[in-house]
Amino acid sequence: MKVLYFDCMSGISGNMAIGALLELCDDQKWFYEYMQALPLSNCTIHISKEMRKGISGTYFDVVVDEEVVQPERHLSDIYTIIEDAQIPEHAKMLAKAIFYRIAKAEAKVHNTTMEDVHFHEVGAVDSIVDIIGVALLIDYLHPDAIYSSVVNDGYGFVECAHGIIPVPVPATSEIFASSDVIMRQIDINTELVTPTGAAIIAQIADSYGPMPAMKVNKIGWGIGTKQLKIPNVLKVTLGEIAQHPDEVIIMESNVDDCTGEMLGFVMEKMMHEGARDVFFTPIFMKKNRPAYRITVVTDEEHMKRMEELLFLNTTTIGFRYRKEKRHVLNRQIVDVKLPEGVVKGKKVDFEQESYIYPEYESLKSLSEETRIPLKELYKRFQREV
Ligand SMILES: O=C([S-])c1cc(C(=O)S)c[n+]([C@@H]2O[C@H](COP(=O)(O)O)[C@@H](O)[C@H]2O)c1
Ligand code: NI
């Protein structure tokens, strides 16, 4: 699984995100071509190599011709610019979703509606270019998952079109409040997370925390404008995770008055209707009653049906449930040729190794066909793989 990990140690802004993501691309020509074709006039893109505290990275800057008065833009104007851009559909959707977050936050802060909110800095040409650029790069790199560190912001006050505002700036705070972003403030007396940066990470990150175990393939460094006492850089890692993080629902109920027939029946029904697994655990319940715990492992989409089956087919009057994370290895069904016939096997990859395990039903059929005992076929299978 291809992943991107954003290390927002010095926060995140639109131009830092573009700088870091650009460094992860083997070819950048396509990016310039798309950017040149954007329906925005009087702005020039500058891409250069710069250093922050000895770390070199890419500095992406949009220089706008100050002499040309920019129109006051509303969300609908920005959506039109994005719609008219000659860029892939997925990049358009992502760019609009990022702007939507900014518009929602600005509307809340300035007590207006999403339609009426008009952007100053945040809707200026450079933000539009930054957001479309990030959307293009994410679409190009096409990761299966995106993770982020805890997002660091600074403290104090900064000056913008509104005047002097506190850090985290109000729009950034609102974006944090309306998303899953995990943030903290660090001892840097300025803004580290711009509203554009906050909306980007809120939109693209699947979760926040330390970097998960991965094979690191490439690092991209994006340079921030200000010189700080810490390196003002965004580090994005491109890596490979062998396991596929996943989530399942675990439903559980303890029953002391259900027959074995009822339990067997409900298990069969649930397995038939989409449960990933159903199992029973013998337990001792209140009043010294031997009983069973029914555990159902299911996807969220099947949970409602599992609940119906449980209440219809057992004597339980309630259940507990929780979401749990799973790690599963990538798997593939393969044919393994034995002298006696073909057996299906499950091939899984872990780190640099592959393992093949026989599929029981396939081994059983061959055992019944050939009358060779199952355990003997199992040994022969192991010799072939
Ligand atoms: O333009 C507006 S309305 C604006 C609002 C806010 C609020 O927090 S409200 C903040 N800012 C500041 O503008 C610059 C540019 O932000 P980008 O996201 O476009 O990089 C930044 O310093 C914001 O704090 C502008
Ligand atoms: Ni504002």
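The values are calculated or read from the model by the stated rules, or taken from the named source; none is laboratory data. The structure displayed is predicted, hence computed values, not measured ones. Cβ: placed from backbone, ideal geometry, glycine included. Neighbour counts: every protein chain shown. Just the protein is used for accessible areas: all its heavy atoms, side chains included, with ligands, DNA and RNA removed. Shrake-Rupley method; radii C 1.70, N 1.55, O 1.52, S 1.80 Å.
Would you confirm whether or not the range 152-161 contains a residue that is under 27 Å from Met35 (Cβ atoms), away from ligand 2 (no atom under 16 Å from the Cβ), open to solvent by 40 Å² or more (accessible area, probe 1.4 Å) and among the aromatic types (Phe, Trp, Tyr)? The answer is no, given that none of the residues of the range 152-161 is under 27 Å from Met35 (Cβ atoms), away from ligand 2 (no atom under 16 Å from the Cβ), open to solvent by 40 Å² or more (accessible area, probe 1.4 Å) and among the aromatic types (Phe, Trp, Tyr).
Conditions (1) in contact with a helix residue (DSSP H, G or I) (Cβ under 8 Å, 6 or more places away or on another chain); (2) away from ligand 2 (no atom under 14 Å from the Cβ); (3) of a type in the set (Phe, Trp, Tyr); (4) in the same structural domain as Ile219 (by TED's automatic domain parsing), marked per residue:
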{"site": "Lys96", "(1), (2), (3), (4)": "yes, yes, no, yes"}
{"site": "Ala124", "(1), (2), (3), (4)": "no, no, no, yes"}
{"site": "Ile131", "(1), (2), (3), (4)": "yes, yes, no, yes"}
{"site": "Ala135", "(1), (2), (3), (4)": "yes, yes, no, yes"}
{"site": "Tyr140", "(1), (2), (3), (4)": "yes, yes, yes, yes"}
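Counting the residues of the range 339-385 that are open to solvent by less than 80 Å² (accessible area, probe 1.4 Å), of a type in the set (D, E, K, R) and out of contact with any strand residue (DSSP E or B) (no Cβ under 9 Å at 6 or more places or on another chain) gives 3.
For residues that are within 9 Å of ligand 1 (Cβ to nearest atom) and touching a strand residue (DSSP E or B) at 6+ places or on another chain (Cβ under 9 Å), scanning just the range 144-165, find the one that is nearest to Lys104 (Cα to Cα).
Step one: filter the range 144-165 for residues within 9 Å of ligand 1 (Cβ to nearest atom), giving 158-162, 165.
Narrowing further to those that are touching a strand residue (DSSP E or B) at 6+ places or on another chain (Cβ under 9 Å): 158-159, 165.
On the way: Val158: 22, Glu159: 22, Ile165: 19 Å.
Taking the candidates together, the pick is Ile165.
Tell me, yes or no, whether the range 6-13 has at least one residue that is among the polar types (S, T, N, Q) and surrounded by 18 or more Cβ atoms within 10 Å (Cβ to Cβ). Looking through the range 6-13, at least one residue is among the polar types (S, T, N, Q) and surrounded by 18 or more Cβ atoms within 10 Å (Cβ to Cβ).
Please go through the range 61-80 and give me each residue that is within 15 Å of ligand 1 (Cβ to nearest atom), assigned to a helix (DSSP H, G or I) and either free of Cβ contacts under 8 Å to residues at least 40 places away in the same chain or over 26 Å from the mean Cα position of the chain (by Cα) (or both), ordered by number.
Asp77
Scanning the range 344-364 for residues that are farther than 30 Å from Gly264 by Cα and among the β-branched types (Val, Ile, Thr) turns up at least one hit. When each of Ala205, Ala199 is tested for being surrounded by 22 or more Cβ atoms within 10 Å (Cβ to Cβ), touching a residue at least 40 places away in the same chain (Cβ under 8 Å), within 16 Å of ligand 2 (Cβ to nearest atom) and not polar (S, T, N, Q), the lone residue that passes is Ala199.
Go over the candidates Ile164, Ile219 one by one and state the one that is over 30 Å from Tyr79 (Cβ atoms), in a strand (DSSP E or B), within 14 Å of ligand 2 (Cβ to nearest atom) and open to solvent by 60 Å² or more (accessible area, probe 1.4 Å). Spell out how you get there, then give the answer.
Numbers: Ile219 fails: within 14 Å of ligand 2 (Cβ to nearest atom).
Within the list Ile164, Ile219, the selection yields Ile164.
Going residue by residue through the range 131-142, is there one that turns out to be over 20 Å from Pro88 (Cβ atoms), out of contact with any strand residue (DSSP E or B) (no Cβ under 7 Å at 6 or more places or on another chain) and without any contact (Cβ under 8 Å) to a residue 60 or more places away in the chain? For the range 131-142, residues over 20 Å from Pro88 (Cβ atoms), out of contact with any strand residue (DSSP E or B) (no Cβ under 7 Å at 6 or more places or on another chain) and without any contact (Cβ under 8 Å) to a residue 60 or more places away in the chain: absent.
Kindly indicate whether Lys229 is more than 29 Å from Glu50 (Cα to Cα) and of a type in the set (Lys, Arg). Spell out how you get there, then give the answer.
Numbers: more than 29 Å from Glu50 (Cα to Cα): no; of a type in the set (Lys, Arg): yes.
So Lys229 fails the test.
Taking the criterion of being closer than 21 Å to Ile18 by Cβ, part of a loop (DSSP other than H, G, I, E, B) and either not polar (S, T, N, Q) or not assigned by TED's automatic domain parsing to the domain that holds Phe119 (or both), the residues of the range 167-202 that qualify are Val169, Val181, Glu191, Leu192.
Considering only residues of the range 9-27 that are assigned to a loop (DSSP other than H, G, I, E, B) and in contact (Cβ under 8 Å) with a residue 12 or more places away in the chain, which is farthest from Lys235 (Cα to Cα)?
Cys25
Summed over the range 31-57, residues that are within 27 Å of Arg73 (Cβ to Cβ) and not aliphatic (A, V, I, L, M) total 11. Report yes if Gly239 is touching a residue at least 24 places away in the same chain (Cβ under 8 Å) and either within 16 Å of ligand 1 (Cβ to nearest atom) or among the polar types (S, T, N, Q) (or both), otherwise no. Against the criterion (touching a residue at least 24 places away in the same chain (Cβ under 8 Å) and either within 16 Å of ligand 1 (Cβ to nearest atom) or among the polar types (S, T, N, Q) (or both)), Gly239 does not qualify. Note on the range 89-122: among residues that are over 26 Å from the mean Cα position of the chain (by Cα) and open to solvent by less than 30 Å² (accessible area, probe 1.4 Å), the one that is farthest from Ser76 (Cα to Cα) is Ala107.
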